[in-house]
Amino acid sequence: MHNDHFSRHAQQVLTVARGQDLPQGPGSDPSIARSWLRCLEDYHLDPAQTLAPTVLEHGRLLESRERLQQVLHIAGSEMNSLHQQLSGAGHAVLLTDARGVILNCVTAPSERKIFERAGLWLGADWSEACEGTNGIGTCLVERQSLTIHRDEHFRGRHTGLTCSASPVFDPHGDLLAVLDVSSAREAVSRQSQFHTMALVNLSAKMIESCYFLRHFENHWLLRFHLQAESVGLFSEGLLAFDGEGRICALNQSALNLLGQVRGGLLGQPVEALFECSLDQLLGRASANATASWPLRTRDGRHLFAALRGQARSVPAALAKAPEPPRLPGICLGDPALQSNFRKALRVFERDVPLLINGETGTGKEAFAKAVHQASQRADKAFIALNCAAIPESLIESELFGYRGGSFTGARKEGMQGKLQQADGGTLFLDEIGDMPLALQTRLLRVLEDRLVVPIGGEPQAVNVRIISATHRNLLDRVQSGGFREDLYYRLNGLEIALPALRLRSDKAQLLDFLLAEEAGGQAVSIDPAAREALLAYAWPGNVRQLRTVLRTLVALTDDQRIGLPDLPAMLSPVPGKQSAELPLEEAESQALLAMLESRHWHMTHTAQALGISRNTLYRKLRKYGINRQAMVSLMDR
């Protein structure tokens, strides 16, 4: 059966290659036909061949991940958000480097094997030269967003996949990475990919913009657009310049808005572009760059711009301030959260390890980074490692590093691990409960001896402070033998419990805070009814889910106004419930319903998402009288 399919597909490829037009089908698309020809004539590939993809050796994969470390960190949350927006089931969200090597993959644990059988392995090379026409490889060649649907793949073994990919460019216009969403479901039409492709494009542009902003966080950054309300959106122009006013980088939108080419502008004074002096321009700078003002170019173009000044470190004196510190990326309006922050900062300054506990999406990394930024180590490195996001085979190298030549594929100069990179600063270990037992033993030794031993190397002294986070009950993990008891007490100098969003007293303030961040300078407003619905919802995904929803609403609004009809269906009140502020038990019941619906009533997936056991989930469902048949009956009334 498979052989017949491969033969028919190979015949179709060869027919197109001979220049014979097909009235319909994949070969009728000129871009697909061009790619097929490249595969035959340039790469000499066989469409019927069923070889498994080429996978990088362990050391080479680590080296590739290290090169794109900052991109991987930025893209991680965006990939999780994208997977959630696609309802998760049946999709794999992939990030590759500029060669087409898969460096990160987000998919449901129960579906990982399905995508691995399709060849979507961590470290797999999906360049066009290796795997023929496919979303990742063809996107790299064409340097544009595209969808490769089932039979449009060159190799017959890939025709069960549908892939939508978008390029990610660095500030200098070079290809940095590819973001791809792949589906192995049969009932995926090409038309259904329009929505997926739009989301992939949006996410790729966000990664691109965040990387630009992060890469030049110590430079002056000019953000501009033709319309004042578009400054801060993904279509805005970004221009970075140094303290002497020399242009360092521009994104493609900036070049388009200025009608310029990249090579002719780099190193030129920014005054050569605009009708104002450098001093006048710098006089407009602000730390947040939220308000835009008119700016005229030398060739008469009228723009609106905002200028971000160079980042300033947060003084340690904030630790004793009566008001909560105002730090980027976090809102501390809840009194209990303020109190926890002050406690955390005081003990952190005394080199006491912090353990942050909270549901998924409550902002554990943002809290940890805020503590670091308010401490005396603010000007040192803050290095984050998600123990659940990195395959077990890579965690040891990522955390401890390795000496050159210590294993096959290791680069000759070796690699610094996260502990060495954080020397003098802070190491944030997210999802510490998922760290393998063998590495827990090594980490405990580092914490006690303050010495790091890279793979194949000699001990090296490190001065690092540790903040850990988990959504699991670590004591339960200790009792079940999954976590070392001595490491638990070593990391738990002070345990901070972050409240779920539904329990926070500053929900309204947080809503405004996140909206302002996602609007990026736009004056976006929320109608009272929509605001009430947003505040009444239980938010099972917590702050991360709220941020994702607001980001989508801001991206889709045409008149800078968000109304009740604009909200996603999940925010509609549960039948029979009031939209006013819910008691705790009703909020938990609503949160369970929302999570069940988002996971299509799959109990294992729902329990994993909530960080509880299936038995606990069933107990809660019985407590609130929740069952699928009853809900369907209620909806049919």
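Just so it is clear, none of the values below were taken in a lab; they were calculated from the coordinates. All figures in this text were calculated on a predicted structure; none of them were measured in a lab. Neighbour counts are summed over all protein chains in view; Cβ atoms, including those assigned to glycine, are modelled from backbone coordinates with ideal geometry.
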With +1 at each Lys and Arg Cβ and -1 at each Asp and Glu Cβ, the charge dipole magnitude of the chain around its Cα centre, to the nearest 20 debye, comes out at 1080
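How much length, in nm to one decimal, is gained on full extension between S505 and R450, taken as 0.36 nm per residue of separation minus their Cα-Cα distance?
Numbers: separation 55, 0.36 × 55 = 19.80 nm, distance 4.02 nm.
Result: 15.8 nm gained on full extension.
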Per the 1/(1 + (r/R0)^6) rule, R0 = 45 Å and r from the Cβ atoms of Y618 and A291, FRET efficiency to 0.05 is 0.30
Label model pair M197, R301: point-to-point distance (7 angstrom along the Cα→beta-carbon line) in nm is 2.7
Taking R0 as 30 Å and r as the Cβ-Cβ distance between Q144 and A569, the FRET efficiency 1/(1 + (r/R0)^6), rounded to the nearest 0.05, comes to 0.40
Ordered by number, the chymotrypsin sites (Phe, Trp or Tyr not before Pro) in region 352-460 that occupy a DSSP loop and have at most 14 other Cβ atoms within 10 Å are F407
For the pair R262 and Q70, the simple spin-label estimate (label points 7 Å beyond Cα toward Cβ) gives in nm 1.5
The extension gain from T441 to R18, computed as 0.36 nm times the residue separation minus the Cα-Cα distance, is 146.1 nm
Note on the chain, DSSP bridge orientation, antiparallel percent to nearest 5 equals 70
Sorted by chain and then number, the residues having a modelled amide H within less than 5 Å of the amide H of L295, at least 5 places away or on another chain, are L303, F304, A305
If exposed means GluC sites (Glu not before Pro) lying in a DSSP loop and surrounded by at most 16 other beta carbons within 10 Å, then the longest stretch of the chain lacking such sites spans residues 414-580
Options (i) 203; (ii) 191; (iii) 151 are given for volume of the Cα convex hull per residue in Å³, and the computed one is (ii)
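Pick out, in residue order, every one of the trypsin sites (Lys or Arg not before Pro) in region 491-555 that is DSSP loop and has at most 15 other C-beta atoms within 10 Å; say none if there are none. Before the final figure, lay out the partial values.
Details: sites: R502, R504, K507, R531, R544, R547, R551; in loops: R504.
Here no loop site has a sparse enough neighbourhood.
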Sequence order, region 423-429: Karplus ³J(HN,Hα) from phi using 6.51 cos²θ - 1.76 cosθ + 1.60, θ = phi - 60°, Hz rounded, Gly and Pro as x, gives 3, x, x, 10, 10, 9, 9
Per DSSP, the loop-located trypsin sites (Lys or Arg not before Pro) within region 122-156 having at most 16 other beta carbons within 10 Å are R143
Expressed as a whole-number percentage, the relative contact order of region 6-204 with C-alpha contacts under 8 angstrom and at least six residues apart is 21
With R₀ set to 51 angstrom, the calculated FRET efficiency between the beta-carbons of E458 and S31, to the nearest 0.05, is 0.45
Subtracting the Cα-Cα distance of T54 and L282 from 0.36 nm times their residue separation yields 77.0 nm
Taking every DSSP bridge whose two residues both lie in region 316-499, the antiparallel percent to the nearest 5 is 20
Ranked on Cβ counts within 10 Å of their own Cβ, fewest leading, K113, K418, K380, K343 go K113, K343, K380, K418
